[in-house]
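Engineer: Sending over a structure as structure tokens; questions will come in a sec.
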Amino acid sequence: MGNTGMMPDDRRNLTLRLSVLQGIIAAVFGVLAVGFWVFQIVQYEEFKDRADNNHLRRLALRAPRGVVLDRHGEVLISNRVTFNIALVREQVRDLDRTLRILSDATGVDEQEFRDRITRFSREPAYRPVVLIPNASDELRIAVSARALELPGVIAEEVPTRRYPTSALAAHIFGYVTEVREEQLARPEFTGIGPGAIVGQAGVEQAYNTLLMGVEGRREVVVNSIGREIEVLGTEKPIEGRSLQLTIDADVQRATEEMFQHLGYNGAAVILEPQSGEVLSLVSLPAYNPNLFATGIDRASWSALNTDTLRPLSNRALQGRYSPGSTFKIVVAVAALEEGVSTPERQIFCPGSATFFGRSFRCHKAGGHGSLDLRRALEQSCNVYFYTLGNMLGIDRIHKWADALGMADRTGIDLPNEVQSIMPSTAWKLRTRGERWYPGETISVAIGQGQVSTTPLSMAVMMMTLANGGTRHTPHLLKAIDEGRGFEPVPVPAPKSAVQMKASTMKAVGDGLWMAVHSGTARRAMLPGRDISGKTGTAQVISLGAAQAAKGKMDVRHHGWFVFFAPRDNPEIAGVIFAEHAGGSGFSLPIAKHAIETYFAKKEGLPLPVIEKPVTAPVVIADVAPATAPVAPPRSGGNP
């Protein structure tokens, strides 16, 4: 009889399979239950925030940078309202079409828009990307007229830097731009995001943290296509702290105007001798910082960088030049302080002198005859200082150049200062692997050869001499407003101080006073002001090489004038450097005009006005005629 029923083994297998299936189903439901518990209870807040963010937007509001004033309260840098045309990417469905229409409406190259969008591609899509900074009224109207075709294109109101209309004090102020991508990794930019406006030069860079302020934010509700439908709240931005500088705007203006009136580029630094406060710092040619504040275009940026006159370079603290005869002040101080000479010692100048088998000439062909230190400074006699330099040797000259501030960075609170070059035996061995030859000292003694200094270092040298030996750190920041009014900042500690003999101060001071009142710097004389100073003419290249270089480069001599005033208890000290002026003659009226402006303002008198063209002879009376370069002697003189 056949078996039509299910066998016991089959039943057991079926039961096992059903049990396994039930277990799997139970496990799946268990996993789902745990998942729901995790998502709905454990991670509730996180997913709630995510859901909220689907319709909430927090938009940054740029903080105005702090205002900058001069020492008397004149506003130097302020802010103004401008409009940027920006793109909110999440509101754009067809990016190519939007950019094409925007380019047609504004006349801006479509590729420029794409470049900016690419730069901010990692930013949230709801954050506006600025496509046209500082948009004109015409551009805003053109965009507004096609608003229906340009969803996601908005006009943002933003605070923008306002600088003086000219390039006044451009190298003091510096400029601002959007932070560069490579800067974001630097410690000083911690907490700053892409698109932030930061200082890139000058005071704007040096005190960027103080000036930046704190961004605000605006929280809004948007619909499914990103259109704003409700404002939930606004947190106003906090303006950056206001700064008061040590600069006197009128003295700054007067110095720059006289440079421009005479038609020369160069640099000037005027200091307050008792503190190191910078009253004026000029570097010409300059640039207009407003070009950067509104977003500099490629053509303008390229023009500034390719300009052979280097308008972006701050000549006052980044340019190094031979100091010429102004360096004789350092040699005079060194000779008196080291005891190798006295103020009364007479040295005969026949028009040239021979050292180590080579003839070194004076600027006066017939010579000055016998003169002491005071008259040597007055007449800028080369032979006198050749002799002192030979007696001192390079290392003792270096010692006093360092003490007076010419062998180190000054420490000014501006970025990118370069160090002056003051040679010594150790310096040459370290930098060139060669010994110093005594014959090289002869040229250094009159500020030629391998000595090279910044105008700022020269101003520090005169400040140190004027106050009796304290080398203050030059600085621009005077006070900060933290919301309670301006409060003075601590004055930087002096770099060093030396005690010079009273006889040294008297002799050198007399010589510098005589130079202005009866010597090479007579054109700087100002009745009643007792100006003391020293001219200097520095060759760009030797006279022989200059003949060969004519037409290929500007070979005219540079002109220097260093000064302090008044003679007793000086109130100002500084330097004027006229680049390629042909000699020191053109630096003198610039200094005179700046000094006259300072004292007129102090005493409540009308400020001097430049009324007629100023002409000056090409003065090269204090430069030694150069011969073709020769190898330095290898023996003789001081070791």
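Engineer: For LEU404, state whether it is in the same structural domain as GLY533 (by TED's automatic domain parsing), in contact (Cβ under 8 Å) with a residue 40 or more places away in the chain and in contact with a Leu (Cβ under 7 Å, 6 or more places away or on another chain). Show your work before the answer.
Structural biologist: On the way: in the same structural domain as GLY533 (by TED's automatic domain parsing): yes; in contact (Cβ under 8 Å) with a residue 40 or more places away in the chain: yes; in contact with a Leu (Cβ under 7 Å, 6 or more places away or on another chain): yes.
Considered against the rule, which asks whether it is in the same structural domain as GLY533 (by TED's automatic domain parsing), in contact (Cβ under 8 Å) with a residue 40 or more places away in the chain and in contact with a Leu (Cβ under 7 Å, 6 or more places away or on another chain), LEU404 comes out as yes.
Engineer: Give the range 74-105 a look and list any residue that's touching a Phe, Trp or Tyr at 6+ places or on another chain (Cβ under 9 Å) and part of a strand (DSSP E or B), or say none.
Structural biologist: LEU76, ILE77, SER78, LEU87
Engineer: When you go through LEU59, LEU76 one by one, which is the residue that is modelled with pLDDT of 80 or more and within 47 Å of the chain's Cα centre (by Cα)? First the steps, then the outcome.
Structural biologist: Numbers: LEU59 fails: modelled with pLDDT of 80 or more.
None of the other options fit; the residue is LEU76.
Engineer: Looking at the range 356-364, is at least one residue among the hydrophobic types (A, V, I, L, M, F, W, C), surrounded by fewer than 19 Cβ atoms within 10 Å (Cβ to Cβ), assigned to a loop (DSSP other than H, G, I, E, B) and touching a residue at least 12 places away in the same chain (Cβ under 8 Å)? First the steps, then the outcome.
Structural biologist: In the first step, residues of the range 356-364 are kept if they are among the hydrophobic types (A, V, I, L, M, F, W, C); the result is 356, 360, 362.
Subset that is surrounded by fewer than 19 Cβ atoms within 10 Å (Cβ to Cβ): 356.
Filter once more, so that each one left must be assigned to a loop (DSSP other than H, G, I, E, B): 356.
So of that shortlist, the ones also touching a residue at least 12 places away in the same chain (Cβ under 8 Å) come out as 356.
Yes, the range 356-364 has at least one match.
Engineer: Taking the options ARG122, ARG17, ARG71, name whichever one is modelled with pLDDT under 85, part of a loop (DSSP other than H, G, I, E, B) and not aliphatic (A, V, I, L, M). Even if it seems obvious, please write down each step before you answer.
Structural biologist: Values: ARG17 fails: part of a loop (DSSP other than H, G, I, E, B); ARG71 fails: modelled with pLDDT under 85.
Just a single option satisfies the conditions, and that option is ARG122.
Engineer: Identify all residues within the range 474-498 that are part of a loop (DSSP other than H, G, I, E, B) and crowded, with 18+ Cβ neighbours inside 10 Å; write none if there are none.
Structural biologist: Of everything in the range 474-498, those that are part of a loop (DSSP other than H, G, I, E, B) and crowded, with 18+ Cβ neighbours inside 10 Å turn out to be PRO474, LEU476, LYS495.
Engineer: Which numbered condition trips up GLY519, out of (1) in a loop (DSSP other than H, G, I, E, B); (2) assigned by TED's automatic domain parsing to the domain that holds PRO566; (3) within 33 Å of the chain's Cα centre (by Cα)?
Structural biologist: GLY519 satisfies all of (1) in a loop (DSSP other than H, G, I, E, B); (2) assigned by TED's automatic domain parsing to the domain that holds PRO566; (3) within 33 Å of the chain's Cα centre (by Cα) except (3).
Engineer: Just to be sure I understand the filter: pairs with C-beta atoms under 7 Å, separated by 6 or more residues or on different chains, first member in the range 544-570 and more than 23 Å from ALA316 (Cβ to Cβ), second member part of a strand (DSSP E or B) and at pLDDT 90 or above. Which pairs pass?
Structural biologist: Partner pairs satisfying both residue conditions: ARG567/SER532.
Engineer: Considering ALA600, ALA594, ALA581, which residue is touching a helix residue (DSSP H, G or I) at 6+ places or on another chain (Cβ under 8 Å) and at pLDDT 95 or above? Spell out the reasoning first.
Structural biologist: Numbers: ALA600 fails: touching a helix residue (DSSP H, G or I) at 6+ places or on another chain (Cβ under 8 Å); ALA581 fails: at pLDDT 95 or above.
Answer to the selection: ALA594.
Engineer: Turning to a different aspect of this structure: Does GLY30 qualify as being at pLDDT below 70 and on the phi < 0 side of the Ramachandran plot? Before you say what the answer is, go through the steps one by one.
Structural biologist: Details: at pLDDT below 70: no; on the phi < 0 side of the Ramachandran plot: yes.
No, not satisfied.
Engineer: Identify the residue in the range 264-284 that is outside any strand (DSSP E or B) and either at pLDDT 95 or above or buried (at least 24 other Cβ atoms within 10 Å of the Cβ) (or both) and, among all such residues, is nearest to the chain's Cα centre (by Cα). Don't jump to the end; show me each part of the working.
Structural biologist: Residues of the range 264-284 outside any strand (DSSP E or B): 264, 272-276.
Keeping just the survivors that are either at pLDDT 95 or above or buried (at least 24 other Cβ atoms within 10 Å of the Cβ) (or both) gives 272-276.
On the way: GLU272: 20, PRO273: 22, GLN274: 24, SER275: 21, GLY276: 18 Å.
Ranking the qualifying residues of the range 264-284, first place goes to GLY276.
Engineer: Of all residues being within 18 Å of the chain's Cα centre (by Cα) and of a type in the set (Val, Ile, Thr) in the range 187-216, which is surrounded by the fewest Cβ atoms within 10 Å (Cβ to Cβ)? Just the residue, please.
Structural biologist: My answer is THR209.
Engineer: Checking ALA135 against (1) assigned to a helix (DSSP H, G or I); (2) farther than 30 Å from GLU74 by Cβ; (3) hydrophobic (A, V, I, L, M, F, W, C), only one condition comes out false. Which one?
Structural biologist: (1)
Engineer: What's the number of the condition ARG430 fails, among (1) without any contact (Cβ under 8 Å) to a residue 40 or more places away in the chain; (2) within 24 Å of ARG358 (Cβ to Cβ); (3) under 32 Å from the mean Cα position of the chain (by Cα)?
Structural biologist: Unmet condition: (2).
Engineer: Among the residues of the range 256-263, are any farther than 25 Å from GLY485 by Cβ and not in a helix (DSSP H, G or I)?
Structural biologist: We begin by selecting, within the range 256-263, every residue farther than 25 Å from GLY485 by Cβ; these are 256-263.
Narrowing the set further to residues that are not in a helix (DSSP H, G or I) leaves 263.
Scanning the range 256-263, I find at least one residue that is farther than 25 Å from GLY485 by Cβ and not in a helix (DSSP H, G or I), so the answer is yes.
Engineer: Hey, can you tell me all the residues within the range 336-353 that are in contact with a Ser or Thr (Cβ under 9 Å, 6 or more places away or on another chain) and closer than 16 Å to ALA502 by Cβ? Full working, then the answer.
Structural biologist: Within the range 336-353, the subset in contact with a Ser or Thr (Cβ under 9 Å, 6 or more places away or on another chain) is 336-337, 341-343, 346-349, 352-353.
LEU336, GLU337, THR342, PRO343 - these are the residues of the range 336-353 that are in contact with a Ser or Thr (Cβ under 9 Å, 6 or more places away or on another chain) and closer than 16 Å to ALA502 by Cβ.
Engineer: Taking the range 150-177 as the search range and keeping residues that are at pLDDT below 85 and more than 18 Å from VAL81 (Cβ to Cβ), which one is surrounded by the fewest Cβ atoms within 10 Å (Cβ to Cβ)?
Structural biologist: Of the range 150-177, the ones at pLDDT below 85 are 151-152, 154-158, 165-166.
Next cut, more than 18 Å from VAL81 (Cβ to Cβ) only: 151-152, 166.
Details: PRO151: 16, GLY152: 19, SER166: 14.
That would be SER166.
The values are calculated or read from the model by the stated rules, or taken from the named source; none is laboratory data. Please read all numbers here as calculations on a predicted model, not as lab measurements. Virtual Cβ from ideal backbone geometry, glycine too; neighbours counted across all protein chains shown.
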